[in-house]
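The values are calculated or read from the model by the stated rules, or taken from the named source; none is laboratory data. From a predicted model like this one, the values you see are computed outputs, not experimental measurements. Cβ placement follows ideal geometry from the backbone for every residue including glycine, while neighbour counts extend to all protein chains displayed. To get the accessible areas, we keep the full protein, side chains included, count just its heavy atoms, and leave off ligands, DNA and RNA. Shrake-Rupley method; radii C 1.70, N 1.55, O 1.52, S 1.80 Å.
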Amino acid sequence: MKKCAVIYNPESGKPRDKKDIKMLPSILELNGYDASLCPTKGPKDAVNIIKNLPNDTDLVICCGGDGTLNEGVTGNLSRDNKILMGHLPVGTVNDVGSMYGFTKNMVVNAQMLCDGSVRNIDVCMINGKPFVYVACIGSYVDASFNTPRKLKKKFGRLAYFMHTLVELKDKVRLFNLTYEVDDKIVSGTYSFVFVSNTCRMGGFNNIYKDVKLDDDMFEVVLCTAKTKAELAFLGTKILAGEIKSMPGLEVYKTNRFRIIFEEMPPSWVIDGEEYKHNTREFLFTINKDINMLIPEKNIVKLFSSLEEYKGK
């Protein structure tokens with residue numbers, strides 16, 4: 001049988017999820033895998049677990065939130081022998097899992113994963129640090145990692161909105177910066193920067209309508225709105241349709257983006273987690289070294305190449 005490691009965060013999800021995780025080895029065994037459960041014990045633990053997996057491991061499944069998947073990809077990229085990856089969403093928002101087409105049923109999702117296809121995915125990099133779907137900076141975006149865990153367990157996704165409402169009393173933070181993209185150099189004052197490779201962010205679908213996860217490109221949005229009223233207006237426009245360049249937004253699709261802040265900026269948010277740093281300059285690129293087992297449901301929508309990969 002093929003060997004599979006299931007990395008999971010015991011703190012993510014509801015009691016039902018924890019019960020379903022214990023069922024995964026038997027489901028995977030029916031699909032030809034000898035699976036072992038590998039619980040994380042703290043932040044960044046998933047990175048070390050996957051780094052130290054035996055080279056004969058055929059599949060590693062990250063079972064948790066978007067942050068757990070990020071840690072898994074980070075650990076895998078540090079290996080000489082990369083392992084085929086899978087993702088099973090457990091958590092509050094699960095943007096990546098929803099984008100891939102998973103349901104809210106762990107057992108159903110496990111079978112969808114086993115029946116999926118292997119795809120090479122674009123992994124975005126910020127100064128050599130990988131992120132799977134989004135890196136952002138600006139006021140209020142820290143809700144994903146600063147919202148107390150007790151609130152998330154009690155209120156779920158609503159907890160993030162509650163935390164953001166508290167922060168709305170503060171002024172919009174502005175950044176003087178210069179960026180380079182597509183042979184252009186632009187300087188100005190901005191309130192938000194988003195670099196992403198996803199059609200879903202913060203629980204909202206169809207932020208972009210034609211995102212491909214294998215086209216060697218990512219999307220960049222810079223916001224020049226300086227007041228809460230301007231941000232609210234842009235928010236309604238964005239949620240009403242596809243993001244596009246308009247007054248207040250500068251939008252690009254590229255595979256290389258450099259940004260230099262005039263002053264030291266706060267932490268970025270990458271895949272819902274805090275990315276601390278000690279620099280004013282950030283370079284975004286693409287890494288192509290990760291293969292992912294993806295459910296068939298949204299493959300035609302998310303991938304430009306429909307060549308079938310084998311080796312499940």
In the range 261-296, what residues are assigned to a strand (DSSP E or B) and within 20 Å of Met201 (Cβ to Cβ)?
Trp268, Val269, Ile270, Glu273, Glu274, Tyr275, Phe282, Phe284, Ile286, Met292, Ile294
Mind listing just one residue for me: the one in the range 85-135 that is free of Cβ contacts under 8 Å to residues at least 60 places away in the same chain and closer than 26 Å to Lys253 by Cβ and, of those, least open to solvent (accessible area, probe 1.4 Å)?
Gly97
Can you name the residue in the range 225-256 that is touching a residue at least 40 places away in the same chain (Cβ under 8 Å) and among the polar types (S, T, N, Q) and, of all such residues, is least open to solvent (accessible area, probe 1.4 Å)?
Thr254
With the structure loaded, tell me whether Thr198 is in a loop (DSSP other than H, G, I, E, B), over 22 Å from the mean Cα position of the chain (by Cα) and among the hydroxyl-bearing types (Ser, Thr, Tyr) or whether it fails that test.
no
For residues that are modelled with pLDDT of 95 or more and crowded, with 22+ Cβ neighbours inside 10 Å, scanning just the range 198-218, find the one that is farthest from Lys171 (Cα to Cα).
Leu213
Here are Asp80, Asp66, Asp17: which of them is at pLDDT 95 or above and open to solvent by 10 Å² or more (accessible area, probe 1.4 Å)?
Asp80
Among the listed residues Ile299, Ile259, Ile270, which satisfies the condition of being under 20 Å from Met99 (Cβ atoms), of a type in the set (A, V, I, L, M, F, W, C) and buried (at least 19 other Cβ atoms within 10 Å of the Cβ)?
Ile270
Filter result (free of Cβ contacts under 8 Å to residues at least 40 places away in the same chain and buried (at least 24 other Cβ atoms within 10 Å of the Cβ)) within the range 44-63:
Ala46
